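The values are calculated or read from the model by the stated rules, or taken from the named source; none is laboratory data. In this text, all values refer to a predicted model and were calculated from it rather than measured experimentally. In this analysis, Cβ positions are derived from the backbone assuming ideal geometry, glycine residues included, and neighbour counts consider all displayed protein chains. Quick note on the areas: whole protein, heavy atoms, side chains included, nothing else; ligands and nucleic acids left out. Shrake-Rupley method; radii C 1.70, N 1.55, O 1.52, S 1.80 Å.
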Amino acid sequence: MTTRLVILGKQGAGKGTQCGLLVENYGIPHISTGDMLRAAVAEGTEFGMQAKAVMDAGDLVSDKIILGIVEDRLAEPDAAAGFLLDGFPRTAAQADGLVELLAPGSVDLAINIDVPDDVVLGRMLERGRDDDTEEAISRRLALYRSETAPLLDFFNAGGYLVTVDGLGAEEEVQERIVAAIAIEAHKRDD
Ligand code: AMP
């Protein structure tokens, strides 16, 4: 059985922590397009330098490039038994591309970690990073809504979406996610 997961959630929803726990619990690779792009930037390749300019401007790297990176990564042996996609897909075109890459299979579950805006705002203001001003956070939340809401619809229409309450202790949230994955696996066994 495979465990092919996509994780969705606002910045400050606890996605990073939950990804770490999921990777441990299921022994699957964490495939974060943001991490892969940052690695390319750190290597200082020409591609990395181009990506940095796009990322610094707060824009999205082109769908074609992202899909190429993800295709190569999914072809690696450790992704055969499953994976956790983080930060991808981010656009409708990437979601369509993912479907093509996985055909005739699909993802098993897209997990949406749900935390209300005011809680995310509070958490990030507490964190107090330079780029965590109330204005910047609001902008990122608006961008998340415009970018991600269509993806929620996309996964929901395919019957792959589960929304998990992201409030509470990290372990509790992880338990909710593990339970949702178990229910999904059970459904497929029937
Ligand atoms: P993240 O760490 O996921 O927030 O990604 C950091 C930055 O990398 C984003 O602001 C984008 O510029 C770029 N990026 C990461 N993933 C993608 C993606 N799937 N599509 C386009 N750009 C991406």
- Message: Applying a 10 Å radius around every beta-carbon, put 138-146, 78-86 in order of their mean neighbour count, most first.
- Response: 78-86, 138-146
- Query: Given q = 0.10 Å⁻¹, what are the Debye log10 I(q)/I(0) values for the chain, with equal point scatterers placed on the Cα positions and solvent ignored?
  - Reply: -0.41
- Message: Give me the one-decimal nm value for the distance between modelled label points at residue 138 and residue 119, 7 Å along each residue's Cα-to-Cβ direction.
- Response: 2.2
- Report the extension gain between residue 156 and residue 182 in nm, rounded to one decimal, defined as 0.36 nm multiplied by the number of residues separating them, less their alpha carbon distance. 7.6 nm
- Item | Amide H partners (placed H, <5 Å) of residue 6, local residues excluded | 85, 109, 110, 111
- Please give, to one decimal in nm, the separation of the simple spin-label points placed at residue 163 and residue 76, each 7 Å out from Cα toward the Cβ. 3.4
- Query: Counting Lys and Arg as +1 and Asp and Glu as -1, each charge on the Cβ, what is the dipole of the stretch 1-77 about the Cα centre in debye, to the nearest 20?
  - Reply: 300
- A 1.4 Å probe over the protein heavy atoms gives the chain a carbon and sulfur accessible-area percentage of 54
- Item | Solvent-accessible area per residue for the chain (1.4 angstrom probe, square angstrom) | 53
- Under the rule of -39500 (n - 2.57) per DSSP H run of 4 or more residues, summed and divided by the residues of the chain, what mean residue ellipticity at 222 nm is obtained, to the nearest 500 deg cm²/dmol? -19000 deg cm²/dmol
